[in-house]
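*Asks:* First the structure, which I've put down as structure tokens, then a few questions once you've had a look.
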Amino acid sequence: MITTEATAGAPPGVGPGAGRLPAAPRRRRGPAASQWAAAGFAAPLLVYLILFYAYPLWRNIDLSVHDYTIRAFVQGNAEFVGFEKYAEVFTSAAFPAALWNTAVFTVVSIVFQYAIGLALAVFFRSGFRLSGALRAMFLVPWLLPLIVSASTWAWMLNSDNGIVNSVLGAFGVEQINWLTSPDTALLSVTIANIWLGIPFNLVILYSGLQNIPGEVYEAASLDGAGAWRQFWSITFPLLRPVSAITLLLGLIYTLKVVDVIWIMTTGGPGNASTTLAIWSYREAFGTGQPDFSPAAAVGNVLIVIALVFGFLHLQLQRRQEES
Amino acid sequence: MHHTVQHARPHTRRKPATTLAAVAALALVGVLGACSSGGSAAAGGEAGGDDTTYTWWDPYPQHDDASDWAGRVQACGEEAGVTIERTAYDTTALTNQALLAAQESTSPDVILLDNPAVSTLADTGMLTTVDELGLDISGVDENLLAAGVVGGETYGIPIGANTLSLYYNADVLKDADVDPASITDWDSLTAALKAVTDGGHKGITFAGIGTEEGSFQFLPWFWGAGADLRDLDSPEAVAALELWKGWLDDGYAPNSVINNSQNTTWEEFLTGDFGFAVNGTWQVDSAAGADFEAGTIQLPGRDGGVAPAPTGGEFILAPVQEDTARYDVTRQIVECMTTPEGFVETANTFAYYIPPTADGQAALLEEKPDLEPWVEAVRNAKGRTSDDLGADYPVISEALWTAVQNALSGAATPQEALKTAQADAEAGLS
């Protein structure tokens, strides 16, 4: 979703070139030539889109409807099996668990990322001393390579030597097996993911807050509205368009998270923290036996879920533009 | 994001001038030209291109072009009168790259690959057999060669082997009054763990992570109980998993072993707190440099004797080429790597690979007599894809490490976990 939108504006050849148009109108040879030219300009973008978006998508579908064993992959003679791989995925005992984990991971992550991000954005809006520096520090999770932050979280949550358990231990709490117990593994990776997602929410919501004119708040305080009332009657409603986009982008980001979970638990113990994205990755690359067909099938299910929410996003946007 | 889309639209609607179109078209041709020439050069490189350049892939990205290892590879090429173009990938990437290259018919001339992946590649028909290439494999230890044998044909030669042993911290054991020589079976090991733990130290650490490494570390206990990979829920298999589970429950092993990789395990052992650690030949140097005195003993079987540990290490493989005339030089390169001197040199270049032939082992022991226990361990070791498992092994292994994870984390009892694993393995292989 995000990437497709970005690419529409991306090819630099189109932008600047088109900008210089008025300077060279002398050798116009009629509509045919200009249509060719139009096609010429569109061609790089089309080639790019087909090569990097349409083909991989098509290939993913192609993989999922054939039975690509490794031998078939090399020899290129995979048998067409239709939706058999999808049926296998849907009837697998791992599917409901993975779907549930994906839902919990995504929803809990987004709710907390948004709530904390919004709270921080409102907090930083008042622009006290050093607020700029503090705000910059909150961006650190975003700047760190994921492998670094995920490994650090894994160390902190280590059952025996982790700092989290040693702090809790000082208060008499018994050892919690954060990453190695089926009860807490999903919670642990979700906590790490919330921490990672806060800066994104903070930045977008903070810039949204800048667009709310200060007079509104002045008027409200003249009318005797306190901070709490101002938040619920002004900030929150006026921020709604930005909030909707933040939540939807966050949802699409979170659905496809692999790295954090893979580094911290590899989806384990057992399947306790396996989401759909982890499942797909594991089938394709996580074992000694690449199983591309079911991996592609799970991947396509994820794409469909993301698409549904993507359309929801577009629908919301349209309604906003109309109003 | 939304912003840029709206900006882009008005531009595209304007009528562009033809001169600009021509410029753009030229630029496009230029770009495509550059791409295709770059592409063909790369493809040519992968396929071996001309007759004097041979391509070589290995899983040692830590050894760059200036390293001893790269020098060795080059020397073998020079001996055969060609230049070798070496590319290093990490292990998992290498398997995927090899499969992709085979699909495109651009396989390199030589691949060095982790042994359990050999049967998977052989199964696709992308590898030549040693007979086709004319290689002599008579000297290679059978247990080490087994990983390269699929359906009676041999598809490669191990360039060296490593395996697991039980490292111990002599200071901790002395403190707990445990004699390492007294550890001969599971009971005596568990008793030693109890003594070490009672003495205020930590018992043992191993890697139970949910990847191939987890299976690799569990197999010595699994095989040491007499279990068979075709029968994951046998009473012997359950006994092996109960042994691990018991260590966790009794506090002899830390709970974090469930997520431990072999590297993490080793770091834990190097803290000096642990009495024992299961780890491989590749840590010999590191053990010698530890702050405490470290030793090794063979992994014990359930009722005594040495448990077969799985073999690690790479095979040298020659993928099928369209131009079969290339095989002659390829054979010379492979032979250069697999002479007794070649094996010893490899053993020394990498942190202690044990040569896979008796001659090579004898030559290595002459230089490094300390490695005697490791040579013995390698001789007792067993290929993971042996017993005619071949390409079925990865499927079984995944079921096995999942069972280990489920049992250790308490999601299921060892019995239940292995029963599920057997069902999963059967379903995966049907």
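*Asks:* Can you go through B:Thr349, B:Thr385 and tell me which one is at pLDDT below 90, within 20 Å of B:Gly313 (Cα to Cα), within 14 Å of chain A (Cβ to nearest Cβ) and within 24 Å of the chain's Cα centre (by Cα)? Before you say what the answer is, go through the steps one by one.
*Replies:* Working: B:Thr349 fails: within 14 Å of chain A (Cβ to nearest Cβ).
The conditions single out B:Thr385.
*Asks:* To continue, here is another question. Given the criteria away from every other protein chain (no Cβ under 13 Å) and over 25 Å from the mean Cα position of the chain (by Cα), does B:Trp223 qualify?
*Replies:* The answer is no for B:Trp223.
*Asks:* If only one of A:Phe309, A:Phe285 is closer than 25 Å to A:Ser151 by Cα, surrounded by fewer than 19 Cβ atoms within 10 Å (Cβ to Cβ) and in contact with a helix residue (DSSP H, G or I) (Cβ under 8 Å, 6 or more places away or on another chain), which one is it?
*Replies:* A:Phe285
*Asks:* At least 2 residues that are among the hydrophobic types (A, V, I, L, M, F, W, C), under 26 Å from B:Thr95 (Cα atoms) and outside the structural domain of B:Ser119 (by TED's automatic domain parsing) in each: list the helices (runs of 4 or more DSSP H) lying fully within region B:319-418 that qualify. Show your work before the answer.
*Replies:* Working: elements: B:327-337, B:340-349, B:358-367, B:372-380, B:393-409.
The qualifying helices (runs of 4 or more DSSP H) are B:393-409.
*Asks:* Only residues that are polar (S, T, N, Q) and either within 12 Å of chain B (Cβ to nearest Cβ) or outside any loop (DSSP other than H, G, I, E, B) (or both): list them for region A:246-284, please.
*Replies:* A:Thr246, A:Thr254, A:Thr265, A:Thr266, A:Asn271, A:Ser273, A:Thr274, A:Ser280
*Asks:* Let me ask another. Within the bounds of region B:329-341, is there any residue that is of a type in the set (Asp, Glu), in contact with a helix residue (DSSP H, G or I) (Cβ under 8 Å, 6 or more places away or on another chain) and free of Cβ contacts under 8 Å to residues at least 24 places away in the same chain?
*Replies:* yes
*Asks:* Is there a residue in region A:241-262 that is farther than 20 Å from A:Gly197 by Cβ and touching a Gly at 6+ places or on another chain (Cβ under 7 Å)?
*Replies:* Within region A:241-262, none of the residues are farther than 20 Å from A:Gly197 by Cβ and touching a Gly at 6+ places or on another chain (Cβ under 7 Å).
*Asks:* Return a yes/no flag: does region A:200-208 have any residue that is of a type outside the set (Ser, Thr, Tyr), in a loop (DSSP other than H, G, I, E, B) and under 27 Å from A:Leu255 (Cβ atoms). Give the steps one after another, and end with the answer.
*Replies:* Of the residues in region A:200-208, the ones of a type outside the set (Ser, Thr, Tyr) are A:200-205, A:208.
Restricting the remaining residues to those that are in a loop (DSSP other than H, G, I, E, B) gives none.
Scanning region A:200-208, I find no residue that is of a type outside the set (Ser, Thr, Tyr), in a loop (DSSP other than H, G, I, E, B) and under 27 Å from A:Leu255 (Cβ atoms), so the answer is no.
*Asks:* When the residues of region A:92-111 are filtered to those that are free of Cβ contacts under 8 Å to residues at least 24 places away in the same chain and surrounded by 15 or more Cβ atoms within 10 Å (Cβ to Cβ), which remaining residue is farthest from A:Ile252 (Cα to Cα)?
*Replies:* Top of the filtered list is A:Ser92.
*Asks:* Still on this structure, I have one more. Among the residues of region B:195-218, count how many are on the phi < 0 side of the Ramachandran plot, more than 14 Å from every other protein chain (Cβ to nearest Cβ) and surrounded by fewer than 24 Cβ atoms within 10 Å (Cβ to Cβ).
*Replies:* 3
*Asks:* Another question, then. How many residues, within region A:49-76, are within 11 Å of chain B (Cβ to nearest Cβ) and loosely packed, with under 15 Cβ neighbours inside 10 Å?
*Replies:* In the first step, residues of region A:49-76 are kept if they are within 11 Å of chain B (Cβ to nearest Cβ); the result is A:51, A:68-76.
Retained after the next criterion (residues that are loosely packed, with under 15 Cβ neighbours inside 10 Å): A:51, A:75-76.
Final tally of qualifying residues: 3.
*Asks:* Hey, among B:Asn380, B:Asn406, which residue is of a type outside the set (D, E, K, R), out of contact with any Cys (no Cβ under 6 Å at 6 or more places or on another chain) and more than 14 Å from every other protein chain (Cβ to nearest Cβ)?
*Replies:* Of B:Asn380, B:Asn406, the one residue that is of a type outside the set (D, E, K, R), out of contact with any Cys (no Cβ under 6 Å at 6 or more places or on another chain) and more than 14 Å from every other protein chain (Cβ to nearest Cβ) is B:Asn380.
*Asks:* Right, next: Just need a number here: residues in region B:127-160 that are closer than 12 Å to B:Val320 by Cα, surrounded by fewer than 24 Cβ atoms within 10 Å (Cβ to Cβ) and among the hydrophobic types (A, V, I, L, M, F, W, C).
*Replies:* The qualifying residues number 2.
*Asks:* Do any strands (runs of 3 or more DSSP E) lying entirely in region B:267-318 carry at least 1 residues that are closer than 27 Å to B:Val150 by Cα, and which ones are they?
*Replies:* Answer list for region B:267-318: B:274-280, B:314-317.
*Asks:* Please find, within region A:143-183, the residue that is surrounded by the most Cβ atoms within 10 Å (Cβ to Cβ) out of those that are touching a residue at least 24 places away in the same chain (Cβ under 8 Å) and assigned to a helix (DSSP H, G or I).
*Replies:* Among them, the one singled out is A:Trp153.
*Asks:* Let me ask you something else. Any residue that is buried (at least 23 other Cβ atoms within 10 Å of the Cβ), closer than 30 Å to B:Pro180 by Cβ and out of contact with any Ser or Thr (no Cβ under 9 Å at 6 or more places or on another chain) - is there at least one of those in region B:362-370?
*Replies:* yes
*Asks:* If you take the residues of region A:220-245 that are in contact (Cβ under 8 Å) with a residue 12 or more places away in the chain and closer than 16 Å to A:Ala115 by Cβ, which of them is farthest from the other protein chains (Cβ to nearest Cβ)?
*Replies:* The extreme case among them is A:Phe231.
*Asks:* Yes or no: A:Gly82 among the small types (Gly, Ala, Ser), part of a loop (DSSP other than H, G, I, E, B) and touching a helix residue (DSSP H, G or I) at 6+ places or on another chain (Cβ under 9 Å)?
*Replies:* yes
*Asks:* Also, I was wondering about something else. Somewhere in region B:116-133, is a residue of a type in the set (D, E, K, R), in contact with a strand residue (DSSP E or B) (Cβ under 6 Å, 6 or more places away or on another chain) and either under 24 Å from B:Gly280 (Cβ atoms) or in contact (Cβ under 8 Å) with a residue 40 or more places away in the chain (or both)? Write out each step before concluding.
*Replies:* Here is the first cut: in region B:116-133, the residues of a type in the set (D, E, K, R) are B:123, B:131-132.
Next, from what is left, pick out any that are in contact with a strand residue (DSSP E or B) (Cβ under 6 Å, 6 or more places away or on another chain): none.
The answer is no, given that none of the residues of region B:116-133 is of a type in the set (D, E, K, R), in contact with a strand residue (DSSP E or B) (Cβ under 6 Å, 6 or more places away or on another chain) and either under 24 Å from B:Gly280 (Cβ atoms) or in contact (Cβ under 8 Å) with a residue 40 or more places away in the chain (or both).
*Asks:* Right, next: Can you spot a residue in region B:43-54 that is surrounded by 17 or more Cβ atoms within 10 Å (Cβ to Cβ) and at pLDDT 85 or above? Full working, then the answer.
*Replies:* So in region B:43-54, the residues surrounded by 17 or more Cβ atoms within 10 Å (Cβ to Cβ) come out as B:46-48, B:54.
If we keep only those that are at pLDDT 85 or above too, we end up with B:54.
There is at least one residue in region B:43-54 that is surrounded by 17 or more Cβ atoms within 10 Å (Cβ to Cβ) and at pLDDT 85 or above.
*Asks:* Continuing with the same structure: When you look at B:Ala192, is it assigned to a helix (DSSP H, G or I), away from chain A (no Cβ under 14 Å), surrounded by 23 or more Cβ atoms within 10 Å (Cβ to Cβ) and among the small types (Gly, Ala, Ser), yes or no? Working first, answer last.
*Replies:* Numbers: assigned to a helix (DSSP H, G or I): yes; away from chain A (no Cβ under 14 Å): yes; surrounded by 23 or more Cβ atoms within 10 Å (Cβ to Cβ): yes; among the small types (Gly, Ala, Ser): yes.
For B:Ala192, the condition - assigned to a helix (DSSP H, G or I), away from chain A (no Cβ under 14 Å), surrounded by 23 or more Cβ atoms within 10 Å (Cβ to Cβ) and among the small types (Gly, Ala, Ser) - is met.
*Asks:* Continuing with the same structure: If you scan region A:209-232, which residues turn out to be part of a helix (DSSP H, G or I) and among the acidic types (Asp, Glu)?
*Replies:* A:Glu215, A:Glu218
*Asks:* Hey, another quick one. In region B:123-159, what residues are out of contact with any Gly (no Cβ under 6 Å at 6 or more places or on another chain) and closer than 17 Å to B:Asp58 by Cα?
*Replies:* B:Met126, B:Leu127, B:Ile157, B:Ile159 - these are the residues of region B:123-159 that are out of contact with any Gly (no Cβ under 6 Å at 6 or more places or on another chain) and closer than 17 Å to B:Asp58 by Cα.
The values are calculated or read from the model by the stated rules, or taken from the named source; none is laboratory data. Just so it is clear, the model here is predicted, and its values are computed rather than measured. Cβ atoms come from the backbone with ideal geometry, glycine included; neighbour counts cover every protein chain shown.
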